[in-house]
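Trainee: Take this structure first; my questions come after.
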Amino acid sequence: MTNISRRGFLKGAGASAGALAITSIAPLSVNAATAGRTDSLVLTAGRMGPLLCEVNDGELLSTKSGLAQTVPNSLQQTGPSQVYTKARVKYPMVRKGYLENPSNPQGVRGSDEFVRVSWDEAYKLIHEQHMRIRKENGPESIFAGSYGWRSSGVLHKAQTLLQRYMSMSGGYAGHLGDYSTGAAQVIMPHVVGSIEVYEQQTTYPVILENSEVVVLWGLNPLNTLKIAWSSTDGQGLEFFHQLKKSGKTIIIIDPMRSETAEFFGDNAQWIAPNPQSDVAMMMGIAHQLVKTQQHDTEFLSKYTVGFEQFETYLMGKEDGIEKSPQWAEAICGVPAKQMELLAKIFKENRTMLMAGWGMQRQQHGEQRHWMLTVLASMLGQVGLPGGGFGYSYHYSNGGNPTRDAGVLPAMSASLGGGSSAGNDWAVQGSVTAFPVARIVECLEKPGTQYQHNGHTLTFPELKMIWWAGGANFTHHQDTNRLIKAWQKPELIVISEPYWTAAAKHADIVLPITTSFERNDMTMTGDYSNQHLVPMKQVVEPQHEARNDLDVFADMAEHLKPGGRNVYMENKTEMEWLRDFYKAAQKGGRNARVPMMNFTKFWEANQLIEMKWNAKNAEFVRFGDFRKDPIMNPLGTPSGKIEIFSKTIEGFKLDDCPPHPVWMEPTEWMFNYTDGELQLMTSHSAHRLHSQFNYADLRKEYAIQDREPITIHPEDAKARGIKDGDLVRAYNQRGQVLVGAHVSDGIKKGSVCIHEGAWPDLDPKTGMCKNGGPNVLTMDIPTSRLGNGNCGNSGVVKIEKFTGVAPTLTAFTPPMNG
Ligand SMILES: Nc1nc2c(c(=O)[nH]1)N[C@H]1C(S)=C(S)[C@@H](COP(=O)(O)OP(=O)(O)OC[C@H]3O[C@@H](n4cnc5c(=O)[nH]c(N)nc54)[C@H](O)[C@@H]3O)O[C@H]1N2
Ligand SMILES: Nc1nc2c(c(=O)[nH]1)N[C@H]1C(S)=C(S)[C@@H](COP(=O)(O)OP(=O)(O)OC[C@H]3O[C@@H](n4cnc5c(=O)[nH]c(N)nc54)[C@H](O)[C@@H]3O)O[C@H]1N2
Ligand SMILES: [Mo]
């Protein structure tokens, strides 16, 4: 499938050789709002960037980018669907069996009917039961971790607002880590002293200027840069557009010919390893470097510790198995010759190893970024302009240089800043926390001890869950196991704009506004702070939807008279925004960025672009460390890159030894004989996780109105499946109905169903009618180091679906809803 010739590989390499001195670095493109204020275009923002909204007679007609951009971003069109989808929650709703007897509810979550109630009834009911549960079981029984990608505005932050209310109520159980980088963010501090996954990278301009070879290892930036944690500044997509034209050697290592591989086309080489096999492939390359004495021993001795122990393992002196390219070929399915060639190319050129995160959302996920860091260290280019490794190039525009900016503060979970909270408010934050992806294990085994990053922790017993701003029924693994565990708490409240699967499995559902229905603000660029953007209210709140801010402020009033004012710190929505803006203005003054006063700014319907900083544009990650490792040590115990970690050795974990090792995953297709395939669940081009699954964009990807499954032609043929057929994918955990997308753009033996389809289980057969892949995935920790999720793994079988396709109900509100 992959035809790598040495010539093809080296095309472009060396084109920029010698140009290592940074000459003229300028912004990649000038980004200004494409339109100013008109009566019909209102400026707001979402994760997918600043948005201009076309409004007529109070109705949102369309949304488009508020920034000039070269690469289109489909997610920017979703505004009207977000506001008007029939999947909206219209009124506060309570499960019938719960309403009838809240302290001893009848009926089953997920199958019981819902009853409409007034907001006041809902508040009173939640308050009474919350207080009862808290009194009986303490704050550790109330889960307010509420993980998820709620709106990105600085004020209407659902999770924070929930926690603020729970703090006023006396504390709560929170969460540790996230679903994105659960493994990498825990291992990397042991290796280089910083998490790396959410950090400013050697900048995009420095890469364009200096790198000769750019490796996209499990990286699909054309998809993942459509959004950012705050709001995208658009520079990441622009960078990859320029990289494509640069003539550099681009190597994509991915079991799928991703949207990014399609985008680069002939300008890149695609190599397809088996999913989950990357560590073996990296070791094959590392072995070749040692064998040809190409590894940089000087760098290794000056900047790292523990290479000797690793080398012993690599060269098979420990277990008799040399981790040679031939050994690796049998695991990763990439020809040994290609790995040998990669070793040479990486070594002979200024090479940047960029890695995505899908490959660490797998069992032993910690090993991926650790091993890649070891490989980069062996190449000896860490800290050089355009060389080394980078783990956030595909996310939140990690290579866009930081600007001189006035930066917005944001709502906090604790009361403060002129608060009227008197001594009689015993404000208490999170009293306990567990790794977020272990929630089902926590529900199943309260009181049980487990290991996390060297600590022994105990799972609390959760009696109440309030989720605001996350879609845990979509994001969590092994949906059927989740559904069982989900029956255990006494009360589950979901605050949501939409009837998600979690909402359908709740006791109480509260209708929440979308970001188009309230005023807020955001910055673009998590690292760059490129713009400050007003998020103006575009339409009236739909139906009976309220803002999370108002809901929790009202709930605070139930705690004690005057609670609302305490919660709001005696400020209105606009006063909060004004104060946030004023704080940014102060920062702006120090940075010499002119910022008009708040009233003018709000009136102007314009974003503010922050000042380009030429020095920041030359930032090289680990540059200072390289220049002087004594004066600028890393935050590791040795101050150096830890190839062998004594700290991790001390943890004595079977599933995370003290240096990178290859460990076969539990569900590994080669250990099965009945046609099992390896499942991947990458992130979708046309969704943000589960968000917009209902939107018109669905037409871009759905097959017979179901989530697509990508299947290699040979695997499809062997099972009599044709492109466009309905397919049943199943394993011992569950079954889903999907539509066949037969393509040679996937490694044979693997299939992909993108994460994010809303679970829609057929009550009769248990089949997910909407193809939610987490019905099939394993709910195990990556290891007891990171306790990350393994959503991007598992084996499945597939067959042509021959029955009558059940009606899709994923986006249909429940009866009375
Ligand atoms: N199998 C598998 N599973 C995965 C992954 C994978 O790769 N494979 N990826 C994982 C990753 S990296 C992540 S980050 C998670 C994502 O998991 P989530 O962040 O939970 O996913 P979203 O679909 O973005 O959920 C956000 C929810 O918040 C709601 N919402 C939006 N705005 C507001 C608001 O203002 N107020 C309130 N109350 N609600 C609001 C939306 O309607 C939506 O239901 O999924 C994880 N799950
Ligand atoms: N459009 C869009 N953008 C998003 C998101 C979204 O849902 N939609 N989610 C955001 C969030 S919360 C996160 S955490 C990031 C996620 O960013 P990532 O975790 O990097 O994204 P994924 O799509 O899971 O994986 C990236 C690539 O890795 C490949 N891959 C999967 N398994 C393997 C493997 O075993 N080995 C190798 N080498 N490659 C593999 C996939 O085919 C895919 O092309 O994206 C963010 N951006
Ligand atoms: Mo994520």
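The values are calculated or read from the model by the stated rules, or taken from the named source; none is laboratory data. Since we're looking at a predicted model, the values are computed, not measured. Don't worry about glycine lacking a Cβ; one is built from the backbone with ideal geometry, like all the others, and counts go over all protein chains shown. What goes into the accessible areas is simple: the full protein's heavy atoms, side chains included, and nothing from ligands, DNA or RNA. Shrake-Rupley method; radii C 1.70, N 1.55, O 1.52, S 1.80 Å.
Trainee: Restricting attention to the range 153-176, report how many residues are among the aromatic types (Phe, Trp, Tyr) and either away from ligand 1 (no atom under 16 Å from the Cβ) or in contact with a Cys (Cβ under 8 Å, 6 or more places away or on another chain) (or both).
Mentor: Initial filter on the range 153-176 (among the aromatic types (Phe, Trp, Tyr)): 165, 172.
With either away from ligand 1 (no atom under 16 Å from the Cβ) or in contact with a Cys (Cβ under 8 Å, 6 or more places away or on another chain) (or both) added as a condition, the list becomes 172.
The qualifying residues number 1.
Trainee: Residues HIS531, HIS475, HIS505, HIS543: which one is within 16 Å of ligand 3 (Cβ to nearest atom) and in contact (Cβ under 8 Å) with a residue 24 or more places away in the chain?
Mentor: HIS475
Trainee: While we're on this one: Show the residue pairs that are 6+ apart or on different chains and have beta-carbon atoms under 6 Å apart, the first residue being within the range 794-817 and within 30 Å of PRO781 (Cβ to Cβ) and assigned to a strand (DSSP E or B), the second being among the acidic types (Asp, Glu) and open to solvent by less than 50 Å² (accessible area, probe 1.4 Å).
Mentor: Going by the 6 Å Cβ cut-off, the qualifying pairs are VAL795/GLU667; VAL795/GLU676; LYS797/GLU676.
Trainee: Which ones in the range 453-472 are away from ligand 2 (no atom under 16 Å from the Cβ) and buried (at least 20 other Cβ atoms within 10 Å of the Cβ)?
Mentor: Scanning the range 453-472 gives ASN453, PHE459, PRO460, LEU462, LYS463, MET464, ILE465, TRP466, TRP467, ALA468.
Trainee: Taking the range 724-778 only, how many residues are open to solvent by 10 Å² or more (accessible area, probe 1.4 Å) and in contact with a Phe, Trp or Tyr (Cβ under 6 Å, 6 or more places away or on another chain)?
Mentor: Total meeting the criteria: 3.
Trainee: It is to be established whether one or more residues within the range 313-320 are among the basic types (Lys, Arg) and either out of contact with any helix residue (DSSP H, G or I) (no Cβ under 7 Å at 6 or more places or on another chain) or assigned to a helix (DSSP H, G or I) (or both).
Mentor: yes
Trainee: OK, next. Being away from ligand 1 (no atom under 14 Å from the Cβ) and assigned to a loop (DSSP other than H, G, I, E, B) is the filter here, so list the residues in the range 177-218 that pass it.
Mentor: GLY193, SER194, ILE195, GLU196, GLU199, GLN200, GLN201, THR202, THR203, SER211, GLU212
Trainee: Among ALA583, ALA553, ALA502, ALA485, which is the only one that is among the hydrophobic types (A, V, I, L, M, F, W, C) and open to solvent by 40 Å² or more (accessible area, probe 1.4 Å)?
Mentor: Details: ALA553 fails: open to solvent by 40 Å² or more (accessible area, probe 1.4 Å); ALA502 fails: open to solvent by 40 Å² or more (accessible area, probe 1.4 Å); ALA485 fails: open to solvent by 40 Å² or more (accessible area, probe 1.4 Å).
When all the criteria are applied, what remains is ALA583.
Trainee: When the range 690-718 is examined, which residues are found to be assigned to a loop (DSSP other than H, G, I, E, B) and closer than 21 Å to THR802 by Cβ?
Mentor: Correct list: ALA702, GLN704, ASP705, GLU707.
Trainee: Considering the range 334-377 alone, what residues qualify as being within 17 Å of CYS656 (Cβ to Cβ) and of a type in the set (Val, Ile, Thr)?
Mentor: THR373, VAL374
Trainee: Return a yes/no flag: does the range 162-184 have any residue that is open to solvent by less than 10 Å² (accessible area, probe 1.4 Å), within 14 Å of ligand 3 (Cβ to nearest atom) and assigned by TED's automatic domain parsing to the domain that holds GLU642.
Mentor: no
Trainee: If you don't mind, another one. Kindly check whether there is at least one residue in the range 144-152 that is more than 12 Å from ligand 1 (Cβ to nearest atom) and either within 22 Å of GLU441 (Cβ to Cβ) or at pLDDT below 95 (or both).
Mentor: Taking every residue of the range 144-152 in turn, at least one turns out to be more than 12 Å from ligand 1 (Cβ to nearest atom) and either within 22 Å of GLU441 (Cβ to Cβ) or at pLDDT below 95 (or both).
Trainee: Further, regarding this structure: Output the number of the condition that ILE721 fails; it satisfies all remaining conditions of (1) aliphatic (A, V, I, L, M); (2) farther than 22 Å from THR224 by Cβ; (3) in a strand (DSSP E or B).
Mentor: (3)
Trainee: Any residue in the range 136-150 that is part of a helix (DSSP H, G or I), within 16 Å of ligand 2 (Cβ to nearest atom) and either crowded, with 24+ Cβ neighbours inside 10 Å or of a type in the set (Val, Ile, Thr) (or both)?
Mentor: The answer is no, given that none of the residues of the range 136-150 is part of a helix (DSSP H, G or I), within 16 Å of ligand 2 (Cβ to nearest atom) and either crowded, with 24+ Cβ neighbours inside 10 Å or of a type in the set (Val, Ile, Thr) (or both).
Trainee: Return the total of residues in the range 337-353 being open to solvent by less than 10 Å² (accessible area, probe 1.4 Å) and either within 10 Å of ligand 2 (Cβ to nearest atom) or part of a helix (DSSP H, G or I) (or both).
Mentor: So the count comes out to 5.
Trainee: Which of (1) under 23 Å from ALA272 (Cα atoms); (2) aliphatic (A, V, I, L, M); (3) more than 13 Å from ligand 1 (Cβ to nearest atom); (4) touching a residue at least 60 places away in the same chain (Cβ under 8 Å) does MET680 not meet, given it meets every other one?
Mentor: MET680 satisfies all of (1) under 23 Å from ALA272 (Cα atoms); (2) aliphatic (A, V, I, L, M); (3) more than 13 Å from ligand 1 (Cβ to nearest atom); (4) touching a residue at least 60 places away in the same chain (Cβ under 8 Å) except (3).
Trainee: Could I ask something else about it? Of all the helices (runs of 4 or more DSSP H) wholly in the range 572-643, which have at least 1 residues that are closer than 30 Å to ARG518 by Cα and among the aromatic types (Phe, Trp, Tyr)?
Mentor: 573-590, 598-604
Trainee: Of everything in the range 293-329, what is under 35 Å from the mean Cα position of the chain (by Cα) and either among the hydrophobic types (A, V, I, L, M, F, W, C) or not assigned by TED's automatic domain parsing to the domain that holds MET282 (or both)? Give them in sequence order.
Mentor: PHE299, LEU300, VAL305, PHE307, PHE310, LEU314, TRP327, ALA328
Trainee: Next question, about the same structure. Criterion first (away from ligand 3 (no atom under 16 Å from the Cβ), hydrophobic (A, V, I, L, M, F, W, C), at pLDDT 95 or above and farther than 30 Å from PHE310 by Cα) does LEU653 satisfy it?
Mentor: Working: away from ligand 3 (no atom under 16 Å from the Cβ): yes; hydrophobic (A, V, I, L, M, F, W, C): yes; at pLDDT 95 or above: yes; farther than 30 Å from PHE310 by Cα: no.
No: the conditions fail for LEU653.
Trainee: Still on this model: Report the residue count in the range 359-377 for those that are under 17 Å from the mean Cα position of the chain (by Cα) and either open to solvent by 20 Å² or more (accessible area, probe 1.4 Å) or in the same structural domain as MET680 (by TED's automatic domain parsing) (or both).
Mentor: Here the count works out to 1.
Trainee: If you don't mind, another one. Yes or no: the range 767-783 includes at least one residue that is outside any helix (DSSP H, G or I), over 27 Å from the mean Cα position of the chain (by Cα) and in contact (Cβ under 8 Å) with a residue 24 or more places away in the chain.
Mentor: Applying the first criterion (outside any helix (DSSP H, G or I)) to the range 767-783 yields 767-772, 776-783.
With the extra rule that they be over 27 Å from the mean Cα position of the chain (by Cα), the set shrinks to none.
No: the range 767-783 contains no residue that is outside any helix (DSSP H, G or I), over 27 Å from the mean Cα position of the chain (by Cα) and in contact (Cβ under 8 Å) with a residue 24 or more places away in the chain.
Yes or no, residue by residue, for (1) among the hydrophobic types (A, V, I, L, M, F, W, C); (2) surrounded by fewer than 24 Cβ atoms within 10 Å (Cβ to Cβ); (3) part of a strand (DSSP E or B):
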residue	(1), (2), (3)
THR232	no, no, no
GLU238	no, yes, no
GLY247	no, yes, no
PHE264	yes, yes, no
PRO275	no, no, no
HIS287	no, no, no
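Trainee: For PRO561, indicate whether it is free of Cβ contacts under 8 Å to residues at least 40 places away in the same chain, in a loop (DSSP other than H, G, I, E, B) and under 30 Å from LEU225 (Cβ atoms).
Mentor: In short, no.
To keep it simple, each residue is scored yes or no on (1) surrounded by 15 or more Cβ atoms within 10 Å (Cβ to Cβ); (2) farther than 28 Å from GLN530 by Cβ.
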residue	(1), (2)
GLY588	yes, no
ASN605	yes, no
LYS615	no, no
ARG621	yes, no
PHE625	yes, no
ASP628	no, yes
ILE641	yes, yes
